[in-house]
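The values are calculated or read from the model by the stated rules, or taken from the named source; none is laboratory data. Treat the numbers as computed from the prediction; the structure is a model and nothing was measured. Note that each Cβ is placed from the backbone with ideal geometry, even for glycine, and that neighbours are counted across all protein chains shown.
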Amino acid sequence: MQPIPILFEDANLLVVNKPVGVAMHDALDSKLGAPKDNALAIEHEDTDKNAAQKESSACKGEDTLRTDGIVTQLKKQLSFSELHLCHRLDTGTSGCLCLAKNAKTAAEIGELFSSRRIGKFYLALSEHKPKKKQGAIIGDMKNRRGGQRILLKSQENPAITQFFSHAAKPGTRGFIVKPHSGKTHQIRVALKSIGAPILGDSLYGGAPSDRLYLHAWHLRLPLSAGELSITAPFDTGRVVNESEVQAWYSALQQPDSYPWPSLPARFSTPPIDKLNVLG
């Protein structure tokens with residue numbers, strides 16, 4: 001197993017470039033049962049009943065395999081006894097992932113995420129032409145059978161996603177995506193809704209490929225100790241390493257330099273001083 005790349009580390013915080021196919025949490029898989037999740041599988045939490053059944057089977061000595069999630073892998077890799085996930089990425093998504101070394105830092109970063117003060121920027125590829133080349137996708141999300149989610153026209157508690165897109169190569173579009181909320185499958189559903197499912201995303205109709213081409217590219221964290229900006233290289237996968245796609249990737253500007261339009265007032269993040277009072 002290859003070591004997980006470390007992008008940043010200090011006394012309180014660890015930021016890694018999460019590899020494709022690594023889940024957030026450990027999983028127990030039967031050797032004789034269904035195949036383990038692959039890079040495009042739907043990440044889910046076990047119900048208490050299912051978790052208890054798995055633990056019971058393990059205790060009885062039935063054939064099981066433990067697959068380490070990223071927290072366990074990093075604890076082993078770095079000989080740490082304590083690590084806290086600050087947010088989540090889908091199993092098939094690569095890129096910036098924050099982990100705190102103590103509960104205090106985890107609480108600080110968790111509050112920054114929940115109050116939408118962290119700048120998050122993703123990269124994605126699609127072999128489909130979008131209905132529009134840039135803009136905002138805003139709508140509530142609803143669960144469907146089979147692990148899918150869909151975008152609704154209502155906007156009571158909406159997922160908010162802004163994007164720019166450019167040709168990465170003939171027949172492939174490159175997207176720079178800025179999600180303002182953090183809902184499950186948000187970017188995957190958003191791009192599907194404009195007719196451009198992500199390359200490799202079989203769940204949402206993306207063209208088959210060697211991986212899910214969604215990457216958590218850049219994080220900007222306004223920490224109490226000072227602002228931290230981290231970029232994760234997008235360099236895993238056959239398509240992203242093609243010369244034409246590499247030319248698109250190399251020409252990308254810093255994410256904050258793009259002319260992101262202001263959101264409608266009702267969706268705008270409250271001023272920081274108000275957030276501190278309310279929080």
Quiz item: If we scan the stretch 226-244, do we find a residue that is exposed (fewer than 15 other Cβ atoms within 10 Å of the Cβ), in contact with a strand residue (DSSP E or B) (Cβ under 8 Å, 6 or more places away or on another chain), at pLDDT 95 or above and not charged (D, E, K, R)?
Solution: yes
Quiz item: Do you know which residues across the stretch 184-219 are among the charged types (D, E, K, R) and in contact with an Asp or Glu (Cβ under 9 Å, 6 or more places away or on another chain)?
Solution: ARG188, LYS192
Exercise. Provide a single number: the residues in the stretch 180-215 that are crowded, with 22+ Cβ neighbours inside 10 Å and of a type in the set (Asp, Glu).
Key: 1
Quiz item: Quick one: ARG266 ticks every box in (1) modelled with pLDDT under 95; (2) surrounded by 15 or more Cβ atoms within 10 Å (Cβ to Cβ); (3) within 27 Å of ASN143 (Cβ to Cβ); (4) not small (Gly, Ala, Ser) bar one, so which box is it?
Solution: (2)
Quiz item: When the stretch 106-115 is examined, which residues are found to be free of Cβ contacts under 8 Å to residues at least 40 places away in the same chain and surrounded by fewer than 19 Cβ atoms within 10 Å (Cβ to Cβ)?
Solution: ALA107, GLY110, SER114
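Among the residues that make up the stretch 151-162, is at least one of them over 16 Å from the mean Cα position of the chain (by Cα), surrounded by fewer than 18 Cβ atoms within 10 Å (Cβ to Cβ) and closer than 30 Å to SER243 by Cβ? Full working, then the answer.
If we filter the stretch 151-162 for residues that are over 16 Å from the mean Cα position of the chain (by Cα), which is where we start, we get 151-158.
Okay, now just the ones that are also surrounded by fewer than 18 Cβ atoms within 10 Å (Cβ to Cβ), so 152-157.
Filter once more, so that each one left must be closer than 30 Å to SER243 by Cβ: none.
No - not one qualifying residue is present in the stretch 151-162.
Give the residues of the stretch 207-225 that are small (Gly, Ala, Ser) and at pLDDT 95 or above, sorted by residue number. Give the steps one after another, and end with the answer.
Looking only at the stretch 207-225, we keep the residues that are small (Gly, Ala, Ser), and these are 207, 209, 216, 224-225.
If the condition is that a residue be small (Gly, Ala, Ser) and at pLDDT 95 or above, then ALA207, SER209, ALA216 are the ones that fit.
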Quiz item: Within the stretch 100-137, which residues are touching a helix residue (DSSP H, G or I) at 6+ places or on another chain (Cβ under 7 Å) and farther than 30 Å from THR236 by Cα?
Solution: SER115
Practice problem: For the stretch 71-87, enumerate the residues that are free of Cβ contacts under 8 Å to residues at least 40 places away in the same chain and more than 15 Å from PRO3 (Cβ to Cβ). | Solution: SER81, GLU82, HIS84, CYS86
Quiz item: Would it be correct to say that ASP68 is touching a helix residue (DSSP H, G or I) at 6+ places or on another chain (Cβ under 9 Å), acidic (Asp, Glu) and free of Cβ contacts under 8 Å to residues at least 60 places away in the same chain?
Solution: yes
Quiz item: Right, ILE118: out of contact with any Pro (no Cβ under 7 Å at 6 or more places or on another chain) and in contact (Cβ under 8 Å) with a residue 60 or more places away in the chain or not?
Solution: yes
Exercise. Evaluate the stretch 162-178: report whether one residue or more is in contact (Cβ under 8 Å) with a residue 60 or more places away in the chain, part of a loop (DSSP other than H, G, I, E, B), touching a strand residue (DSSP E or B) at 6+ places or on another chain (Cβ under 6 Å) and not acidic (Asp, Glu).
Key: no
Exercise. Find the residue count for the stretch 208-231, including only residues that are closer than 30 Å to GLN155 by Cβ and assigned to a loop (DSSP other than H, G, I, E, B).
Key: 2
Quiz prompt | Residue match in the stretch 180-189 (condition: at pLDDT 95 or above, in a strand (DSSP E or B) and within 19 Å of ARG88 (Cα to Cα)) | solution = no
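Considering each residue of the stretch 232-259, count those that are assigned to a loop (DSSP other than H, G, I, E, B) and of a type in the set (Asp, Glu), and give that number. Show your work before the answer.
Residues of the stretch 232-259 that are assigned to a loop (DSSP other than H, G, I, E, B), as a first pass: 232-242, 251-254, 258-259.
Narrowing further to those that are of a type in the set (Asp, Glu): 235, 242.
Number of matching residues: 2.
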Practice problem: Only residues in the stretch 88-105 that are assigned to a strand (DSSP E or B) count as the first member; pair them with residues that are modelled with pLDDT of 95 or more and among the small types (Gly, Ala, Ser), Cβ under 8 angstrom, at least 6 apart or cross-chain, and list the lot. | Solution: SER94/ALA216; SER94/ALA232; GLY95/ALA216; GLY95/ALA232; CYS96/ALA216; CYS96/ALA232; LEU97/ALA216; ALA100/ALA106
